[in-house]
1. Strictly over 25 Å apart at the Cα level, which of K100/K163; K139/K220; K100/K252; K163/K329; K139/K238; K100/K329 would you flag in this model?
2. Suppose R0 equals 25 Å. What FRET efficiency, 1/(1 + (r/R0)^6) with r the Cβ-Cβ distance, do D370 and E12 give to the nearest 0.05?
3. In degrees from 0 to 90, rounded to the nearest 10, what is the angle of the helix 189-202 Cα long axis to the longest principal axis of the chain?
4. I want the local charge near T36. Using Cβ-Cβ distances under 12 Å, sum +1 for each Lys or Arg and -1 for each Asp or Glu among the other residues.
5. Starting from 0.36 nm per residue, how many nanometres of slack lie between D293 and K163 once their C-alpha separation is accounted for?
6. Taking the alpha-carbon centroid of each part, what is the distance from the stretch 285-318 to the stretch 67-111 in angstrom?
7. Ranked from highest to lowest mean number of other Cβ atoms within 10 Å per residue, what is the order of the peptides 71-80, 49-58?
8. For the stretch 158-232 and the stretch 323-339, compute the distance between their C-alpha centroids and round to whole Å.
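Please treat every number below as a calculation from the coordinates, not as lab data. The structure displayed is predicted, hence computed values, not measured ones. A quick note on method: Cβ atoms are made from the backbone with ideal geometry, for glycine too, and the neighbour counts reach across all protein chains shown.
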Amino acid sequence: MPNYNRADLAFEHGEGAYLFDTAGRRYLDFGAGIATSSLGHAHPHLSAAIAEQAGRVIHVSNLYRIPQAERLAQRFVDASFADSVLFCNSGAEANEGLVKAMRKTMSDAGAPERYRIISFEGAFHGRTLAMLAATGNPKYLAGFGPEVDGFDHVPFNNLNALKAAITPQTAGILIEPVQGEGGVRPAQLQFLRDLRATCDEFGILLGLDEVQCGMGRTGKLFAHEWAGITPDVISIAKGIAGGFPMGAVLAKEKVAKALVPGSHGTTFGGSPLACAAANAVLDVLLAPGFLGDVQATGEYLWQGLEALALRHPQIFTGVRGAGLLVGLKCAIPNGQIQDTAIAEGLLTVAAGDNVLRLAPPLIIGRAECDEALALLGRAASRLTPAVTLEAAK
Ligand SMILES: *Cc1c(COP(=O)(O)O)cnc(C)c1O
């Protein structure tokens with residue numbers, strides 16, 4: 001179906017942070033399949049884990065115990081705020097599970113009228129009917145019939161607006177600690193702390209969409225750790241299994257216990273194969289020093305990008321984000337820079353608010369950063385004469 005705007009590129013194989021197209025041309029992949037191929041391409045440990053599990057058993061369904069899922073859930077519990085984990089297949093599905101768990105928690109507590117969720121302008125929570133409503137972007141909603149009820153929107157990073165939107169029908173809040181699709185906009189850490197305090201004050205739940213910013217992307221396993229807060233429930237996906245499709249909901253017991261047998265489910269979620277992939281990703285992410293390296297690499301890239309933006313003020317006007325989720329605010333249409341970068345051999349992802357998003361595999365080092373900076377510099381130089389000409393007209 002014609003629902004995607006694909007670049008005319010097809011990749012034959014990958015290795016680390018590089019992809020090779022069918023003509024053999026090499027690209028440095030600073031998009032990672034939209035912040036998803038967290039270990040890069042053809043990572044030996046991940047590829048071997050998937051191959052090994054595929055040779056034993058791929059799928060059994062949730063009618064049975066799944067040792068790979070039990071191990072994975074225990075590792076998430078040990079490494080996070082969570083008491084309990086639900087596995088599913090995508091980010092949107094994780095958010096659906098998160099919202100269902102929040103609503104059911106309120107209903108079980110004797111307040112079924114508390115079903116509404118407050119989300120934020122500039123958010124992205126997925127493409128299912130309910131997550132379109134949570135996202136609230138008129139462009140995505142258009143033509144798909146009545147908006148699913150139960151979502152209210154307030155400006156990002158604005159505590160007064162948030163407090164004013166809380167009603168006796170509010171179940172909780174859903175926020176991305178770093179808005180990804182919306183333009184790589186981080187929530188202020190103090191804002192996240194204020195949200196925690198506000199949820200406690202009003203007796204509502206704090207839900208975080210860490211689908212894009214979780215799983216090590218910001219240099220901590222989960223982005224909310226930077227604020228030092230304890231959420232009630234979070235959704236994760238994208239990087240969780242290194243590119244194998246998977247999502248998860250991590251929750252405190254008071255939320256998790258609402259999803260009793262029969263209340264929610266999935267055929268594919270948490271299969272032996274998906275969990276083998278995610279366990280292999282965790283082996284790498286939780287190895288001593290790995291997340292510290294992500295932080296250091298992120299800082300190095302950030303410094304280079306700030307210098308780049310200063311050298312090319314007609315192209316880039318600023319840098320924002322966290323860790324290895326970085327946005328370059330563009331002075332010309334971001335798609336034009338994205339296309340020129342492809343011509344130079346660099347893959348990036350456009351984001352909202354005219355931002356060029358860099359979300360490289362977490363395994364990169366300074367050499368890949370230097371190369372990306374050089375390629376972006378060349379793309380910017382190629383675009384500068386055009387801008388200057390345009391301005392002279
Ligand atoms: C990508 C994304 C989603 C949706 O995930 P899918 O796997 O595409 O359904 C939800 N929330 C955030 C923050 C995302 O970045």
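1. On the way: K100/K163 22 Å; K139/K220 33 Å; K100/K252 14 Å; K163/K329 30 Å; K139/K238 23 Å; K100/K329 35 Å.
Distance filter (> 25 Å) returns K139/K220; K163/K329; K100/K329.
2. Values: r = 26 Å, r/R0 = 1.03.
The formula returns an efficiency of 0.45 here.
3. 20
4. On the way: positive: R217, K238; negative: D29.
Residues close to T36 contribute a combined charge of +1.
5. Values: separation 130, 0.36 × 130 = 46.80 nm, distance 3.79 nm.
Value of the extension gain: 43.0 nm.
6. The stretch 285-318 and the stretch 67-111 have Cα centres separated by 32 Å.
7. Working: 71-80: 16.6, 49-58: 14.3.
Highest to lowest by the protection proxy: 71-80, 49-58.
8. The distance from the Cα centre of the stretch 158-232 to that of the stretch 323-339 comes to 25 Å.
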